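Below you'll find the structure, written out as structure tokens, and then a few comments.
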Amino acid sequence: ILNVEQSPQSLHVQEGDSTNFTCSFPSSNFYALHWYRWETAKSPEALFVMTLNGDEKKKGRISATLNTKEGYSYLYIKGSQPEDSATYLCASLNYGGATNKLIFGTGTLLAVQP
Amino acid sequence: NAGVTQTPKFQVLKTGQSMTLQCAQDMNHEYMSWYRQDPGMGLRLIHYSVGAGITDQGEVPNGYNVSRSTTEDFPLRLLSAAPSQTSVYFCASSYPKGPQHFGDGTRLSIL
């Protein structure tokens with residue numbers, strides 16, 4: 001079973017702070033890295049899917065980078081707002097045998113205080 | 001466009017009972033998956049399917065069965081419920097290698 005790890009487990013910041021989280025994943029047989037935003041009492045929503053080494057993606061104040069050679073991705077939030085409070089999940093899609101499995105990390109819980 | 005629909009939203013079972021969690025999607029996605037969410041464990045893959053008639057095991061398949069007779073439906077069956085299967089279950093669908101679209105979840109309690 002592949003191991004996808006996220007750090008930190010939780011993060012408390014003040015409104016206006018910029019922050020970042022880390023996702024590490026197996027670099028062998030790598031195909032894609034996903035980021036999701038998961039608000040309490042809702043279902044996860046996709047932020048980014050990245051496949052190429054050096055990929056950078058941006059959606060508003062949120063951006064992500066990908067390093068497939070060393071097996072890590074960073075998610076950045078610029079000027080955090082209370083509505084950014086959520087759990088941020090990453091998931092790695094690696095080739096394995098005849099089919100592929102998307103394996104999730106345990107997430108980083110972000111709390112943004114006004 | 002309904003997206004991914006899961007039923008029921010809540011269910012309480014007694015140990016040893018069987019039940020089926022339903023999942024349907026109307027986006028013509030080839031891939032469908034079942035996950036369970038437990039505190040501190042994130043989302044763990046139970047079973048998944050890459051197309052009608054094809055299923056495979058995920059990280060935690062024991063105690064669960066699936067089938068995929070149509071593109072739209074991917075039911076998850078608990079043959080003999082155990083307290084360890086108390087969890088929140090999410091179904092998801094996607095195009096190959098695309099982002100997952102999740103249902104609203106089913107909260108299952110086994111007494």
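Observations on the structure shown:
- A:LYS78 being out of contact with any Asp or Glu (no Cβ under 8 Å at 6 or more places or on another chain), over 16 Å from B:PRO99 (Cα atoms) and charged (D, E, K, R): yes
- Among the residues here, A:THR106 qualifies as under 14 Å from the mean Cα position of the chain (by Cα) and at pLDDT below 95.
- Residues satisfying the stated conditions in segment B:29-75, i.e. farther than 30 Å from A:SER10 by Cβ, aliphatic (A, V, I, L, M) and out of contact with any Ser or Thr (no Cβ under 7 Å at 6 or more places or on another chain): B:ILE54
- Residue check for B:TYR48: of a type in the set (Phe, Trp, Tyr) and free of Cβ contacts under 8 Å to residues at least 60 places away in the same chain: yes
- Residue identified as surrounded by 13 or more Cβ atoms within 10 Å (Cβ to Cβ), within 14 Å of chain B (Cβ to nearest Cβ) and of a type in the set (Gly, Ala, Ser) among A:ALA64, A:ALA111: A:ALA64
- The residues of segment B:58-111 that are within 20 Å of B:MET19 (Cβ to Cβ), within 12 Å of the chain's Cα centre (by Cα), of a type in the set (S, T, N, Q) and within 14 Å of chain A (Cβ to nearest Cβ) amount to a single one, B:THR106.
- The residue that is farthest from the other protein chains (Cβ to nearest Cβ), counting only those in segment B:39-56 that are over 12 Å from the mean Cα position of the chain (by Cα) and within 24 Å of A:LEU89 (Cα to Cα), is B:PRO39.
- Subset of segment A:29-79 [touching a Gly at 6+ places or on another chain (Cβ under 7 Å) and among the hydroxyl-bearing types (Ser, Thr, Tyr)]: A:SER43
- Taking segment A:11-114 and the strands (runs of 3 or more DSSP E) fully enclosed by it, no element has 3 or more residues that are without any contact (Cβ under 8 Å) to a residue 60 or more places away in the chain, of a type outside the set (Val, Ile, Thr) and in contact with a helix residue (DSSP H, G or I) (Cβ under 6 Å, 6 or more places away or on another chain).
- A:ALA91 falls short on exactly one of the conditions (1) of a type in the set (A, V, I, L, M, F, W, C); (2) buried (at least 17 other Cβ atoms within 10 Å of the Cβ); (3) more than 14 Å from chain B (Cβ to nearest Cβ), and that condition is (3).
- Picking from residues in segment A:3-30 that are under 25 Å from A:LYS101 (Cβ atoms) and buried (at least 16 other Cβ atoms within 10 Å of the Cβ), the one that is modelled with the lowest pLDDT is A:PHE30.
- Single condition B:GLY42 does not satisfy, out of (1) surrounded by 14 or more Cβ atoms within 10 Å (Cβ to Cβ); (2) under 19 Å from B:VAL66 (Cβ atoms); (3) not charged (D, E, K, R): (2)
- Matching residues, segment A:31-61, being surrounded by fewer than 15 Cβ atoms within 10 Å (Cβ to Cβ) and β-branched (Val, Ile, Thr): A:THR40, A:THR51
- Within the set A:LYS42, A:LYS57, the sole residue that is under 21 Å from B:GLY98 (Cβ atoms), modelled with pLDDT under 95 and within 14 Å of chain B (Cβ to nearest Cβ) turns out to be A:LYS42.
The values are calculated or read from the model by the stated rules, or taken from the named source; none is laboratory data. Source: prediction; values computed, not measured. Note: ideal-geometry Cβ built from the backbone for every residue, glycine included; neighbour counts use all protein chains shown.
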